[in-house]
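Structure first, commentary second.
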Amino acid sequence: MAINKLSLKKEQSGIDIPMGYFWAIFLICIAPTVLSMLGVEINYNNYRIINFSKLSEGISTELILGKTFSTIWIIFSIAVGIFTCILTLIDFRVKNDIAAPIVGLVMLGTALFDMIHLLVVFGVLKTELNLDEAIYMSWFTSRMLHAILLIIGTVIILKIKYKPETNNSNKITILRSIGGLFALITFVLVLYLFNIKEISTFFIKRESFFTHPLELISIVLYLIWGGILMPKVLKKFNGIFFQMLILSMIPAIFANVHMAVFFKNFDIEYNFAQFLRFFTYVVPLLGISLNYSRNISKQHQMNLILDEEIKAKEKIQQDLERRQNLLQNAEKLANMGSWELDVATKEINFSDSLYKIFGYMPNSISPDLELMFNMIIPVYRNSYKKMLEEAIENQTSFNTEYEVLWVNGQRRYILAQCRYIQSDNKVIGTCLDITELKETTQKLSQNEALLKEAESIAHNGSFEWFAGVDHFFWSEELFRIHGYEPNSVDITLNFYRNLIHQDDLEKCIKYLESMFANKTNFAFEYRINRPDKSIRYIYLTAKLVLDAEGNITKIIGNLQDITELKNAAILLEKTESIYKTIASNVPDSIVLMYDRKFKLILFDGPIINSFNFRNKLVAGIHIKELFPESDFNENVEILEKAFSGEEVQLEKEFDGKTFMIDYKPVKNVSGDIFNVMVVMHDITEIKKVQKSLELKVDELNTSNQDLEQFAYVASHDLQEPLRKIRAFGDRLQNKFSASISEEGIDYIKRMQNASERMQTLIDDLLTFSRVTRTDEGFVEVDLHDEMQKIIEDLEYTIEKKNATIDLIVNHHITAIPGQIRQLFQNLLTNAIKFTRDDTLPIVEIKSEILRGDALNIPDLDHNKDYCRITVKDNGIGFDQQYADKIFELFQRLHTRNEYQGTGIGLAVCKKIVEKHNGVITVSSKQNEGTIFIIILPVHH
């Protein structure tokens with residue numbers, strides 16, 4: 001309101017009173033007094049309007065009109081008092097402050113007593129006094145009640161102490177107690193009014209100028225209240241409501257002054273008193289109304305500020321889109337939502353738009369601060385919480401960007417701005433969905449990312465030039481754009497002419513001449529020369545400011561360094577050319593590029609024209625329109641995996657041809673995935689060759705099985721003649737040793753030894769062949785139990801060698817139990833056998849579970865779990881150059897005289913490990929020991 005502009009700052013008294021309202025109230029109060037003192041009369045239809053009396057031979061005899069107006073003022077006073085009480089109680093619900101409601105209860109108590117006064121005026125309620133005395137006594141008691149309740153209420157406001165976080169129910173209890181007290185006082189005065197039988201002559205003195213001198217008591221009470229108590233209240237509650245409340249003292253005192261001099265009920269002084277009593281009630285009502293109005297004004301001002309900031313963001317986005325020349329459509333207005341947080345109660349409210357920004361229908365969920373935090377993805381959540389806490393603690397504002405996760409899994413980018421409102425102890429915030437802005441930025445950088453070039457946003461500078469002045473005002477950034485330190489040179493028109501590139505000078509002059517002639521805003525592009533001899537591209541936009549006569553008073557403008565944009569445009573053309581050249585030269589392939597909306601943005605390849613797509617290939621076509629509808633869901637699922645960072649490869653049949661399809665995520669320099677490249681390679685011929693190779697492999701496997709069968713049968717059939725040789729040799733030695741010469745006995749022993757070695761060799765060959773012929777299936781094997789059984793079987797050998805076995809194995813795998821026992825029995829036997837004479841054997845066996853990618857072995861599946869078992873001894877060892885040789889059949893590193901054996905044991909070990917799709921390796925040093933590493937899949 002305009003009257004608010006009259007408000008002054010605090011006076012020397014320290015009380016902040018809106019002086020505009022003070023003078024307005026004072027003039028309204030003094031006007032009746034002046035009219036009364038001047039004796040102004042306004043006559044209409046035989047009535048004196050000011051005196052409210054009817055003319056009868058020039059004398060006022062009837063005060064009917066005065067009684068009517070008086071009744072109106074009393075009724076209005078009652079209504080205003082009750083309405084003011086209601087508004088203060090509403091204010092309590094909003095602000096949770098009991099100061100204003102106490103005043104409202106004062107107004108309610110007085111209004112209720114005024115109802116008694118009204119009924120006395122109309123004669124509905126009878127007292128022991130005559131009507132004139134009863135009317136005045138009800139007025140006097142009402143004024144005393146009003147002043148007393150104001151003093152008591154003000155004292156309570158000053159004395160009561162409670163913390164802002166005090167429970168709301170406790171405050172309601174306090175208000176109820178105060179209301180009960182006021183009701184009791186009111187009731188006592190009502191009883192007094194109806195029980196008084198006569199009044200003292202001090203109350204009414206008709207012969208004196210001051211016909212009712214005891215009105216001075218009310219005036220004194222109002223002065224005590226307004227002059228002593230209320231200034232203290234204003235220091236505690238410096239709101240417009242209490243500022244206006246103290247001003248209600250003015251009409252209250254004037255009302256008592258008029259009542260002190262009135263002569264007869266309903267005369268001019270009486271009606272002025274009733275009117276001013278009504279005006280006394282109106283002033284607090286005006287105060288509580290202004291309180292609401294100012295709160296609304298603050299919110300509106302905040303919205304205007306936030307709206308300006310959003311418009312500035314939108315302007316930046318539009319300029320960026322125009323400079324990059326990559327977007328075809330103008331930017332749509334951003335969708336903004338707002339929220340309000342009560343710092344004391346932690347209660348938060350969402351606007352309908354904010355629900356939509358967070359992915360919900362309006363009012364479909366209950367607003368909650370933790371809910372809002374949880375919608376922010378974790379990488380931004382803690383920093384946002386910290387900024388909000390600091391804004392509340394320091395009573396400041398902030399803005400930031402973060403991502404939210406919708407319930408459907410979609411991510412949205414949000415620009416958040418928050419401001420702490422100290423007067424309300426609240427935080428108001430807005431959320432702007434800038435997902436489209438983020439996606440636009442990603443699209444602008446996609447081609448540069450293919451060539452690993454970073455994008456740079458151009459610098460802006462502003463200037464101001466006044467007509468008739470040769471100097472320009474430049475912002476600091478504008479100096480830097482032109483290659484100078486801020487304020488290091490004096491900018492004049494002639495100086496700037498020398499900065500413009502010679503080839504663009506004439507164009508610039510024509511633009512300026514056209515601007516001055518047509519008096520229109522302008523924008524154009526040109527080049528400048530920097531002091532370091534570099535050339536920069538500049539985009540200038542300018543606006544003319546005209547006076548009332550249409551003359552140019554000044555020009556304000558903005559310059560944008562678009563050099564990087566120009567270079568980017570050149571790079572973009574080169575990038576697309578390089579991409580098309582690469583794609584068109586990949587043999588037997590089609591290369592497609594999709595954005596996050598699964599729309600085709602680039603396509604090429606040698607066989608692209610021969611492939612039967614559903615529709616013609618054009619930029620922007622959706623994947624649904626390219627391939628059969630039955631493949632749509634599968635294609636979308638694969639693209640989503642690729643956009644999440646996973647590389648996908650699969651084979652698929654199209655029109656009788658086989659394609660190997662690779663989905664590769666394309667990342668920018670910051671590592672964000674913005675596109676997916678799909679390479680479709682025609683492998684029809686490769687598949688044919690592969691099938692041919694598979695047939696040959698099957699034939700080779702069949703041949704190997706036949707050879708293994710032959711070796712098994714041959715080994716088995718050789719055992720019978722060998723047993724007969726050994727049996728007959730034993731008989732010759734036992735029965736005929738006496739008749740055979742020593743040389744013959746020696747021959748027989750050599751024959752027996754050779755037979756024994758032959759038997760061992762055949763047994764080992766049978767063991768080797770059984771590895772691939774076993775009918776035993778894969779089951780869960782407890783490695784610890786199997787190792788224990790092997791150690792028990794070799795107990796005699798271990799004790800004989802005085803060996804120590806350290807077993808640290810505690811895992812289960814899926815394997816063939818018999819072969820696992822054979823594998824580790826062979827390794828443990830070798831570890832005990834090949835020992836040094838001067839060293840006690842120590843064998844250490846341990847196991848661990850590792851992921852395939854952690855083993856760094858090409859033949860293993862990187863996504864499977866493996867068990868790595870290590871068998872380490874301190875035996876004789878061997879030269880590492882023989883590490884591969886020892887796994888071959890019949891390969892020995894020592895003679896039979898040194899160590900017994902056939903050279904088949906480790907070949908069997910390798911065969912068993914390979915059958916389990918595992919790996920066995922060995923490392924050794926002569927005279928230091930050997931380490932065997934066996935890697936087996938945990939699950940077969």
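What follows draws every value from the coordinates through simple rules; no lab data is involved. Because the structure is a prediction, the values reported are computed rather than measured. Positions of Cβ are generated from backbone atoms using ideal geometry, with glycine treated the same way; all protein chains shown enter the neighbour counts.
Below, the figures for the structure above:
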item	result
For region 66-294: Kirkwood Rh in Å [reciprocal of mean 1/r, alpha carbons]	18.0
Nitroxide proxy distance, nm - points 7 Å out along Cα→Cβ at SER630 and GLU651	1.9
With eigenvalues of the C-alpha gyration tensor scaled by 5 and rooted, region 460-561, Å	23, 16, 12
Hz values of 3J(HN,Hα) by residue in region 88-102 - Karplus curve (6.51, -1.76, 1.60), Gly and Pro given as x	5, 5, 5, 4, 4, 4, 7, 9, 6, 10, 8, 5, 4, x, 4
Label-to-label distance, nm, for residues given as THR702 and ASN856 (7 Å Cα→Cβ offset)	4.4
Förster-model FRET efficiency, 45 Å R0, ALA312 and VAL34, C-beta, rounded to 0.05	0.20
Residues whose placed amide H lies under 5 Å from that of THR835, excluding near-sequence neighbours	ILE876
Karplus 3J(HN,Hα) series, Hz, for region 134-148 with 6.51 cos²θ - 1.76 cosθ + 1.60 (x for Gly, Pro)	4, 4, 5, 5, 5, 5, 4, 5, 4, 5, 5, 4, 4, 5, 5
Residues ASP547 and ILE392, FRET efficiency given R0 of 35 Å [Cβ-Cβ distance, rounded to 0.05]	0.15
Extension gain from ASN863 to SER488, taking 0.36 nm per residue of separation minus the Cα-Cα distance	128.6 nm
Region 516-549 and region 387-408: distance between their alpha carbon centers, rounded to Å	39
Per-pair calculated FRET efficiency, R0 = 45 Å: GLN301 and ILE224 via Cβ, rounded to 0.05	0.70
Length added when fully stretched, ILE607-ASN498, from 0.36 nm per residue minus Cα-Cα	33.6 nm
Extension gain, LEU371 back to GLU685 (0.36 nm per residue minus Cα-Cα distance, nm)	107.3 nm
D (Stokes-Einstein, µm²/s), Kirkwood Cα radius, region 776-937, 0.692 mPa s at 37 °C	202
By average C-beta atoms within 10 angstrom, highest first, the peptides 611-617, 89-95	89-95, 611-617
Amide H contacts of PHE598 (H built 1.01 Å from N, under 5 Å, at least 5 apart or other chain)	none
Interchain or long-range residues, amide H under 5 Å from SER397's placed H	TYR420
Burial ranking of peptide ranges 630-640, 783-793 (average Cβ count within 10 Å, highest at the top)	783-793, 630-640
Backbone HN-Hα couplings from phi across region 740-745 [Karplus 6.51/-1.76/1.60, Hz, Gly and Pro as x]	10, 6, 4, 4, x, 4
Label-point gap, in nm, between ILE90 and ASN529 - each point 7 angstrom along Cα→Cβ	7.2
Cα centroid separation, region 805-867 to region 104-145 (Å)	108
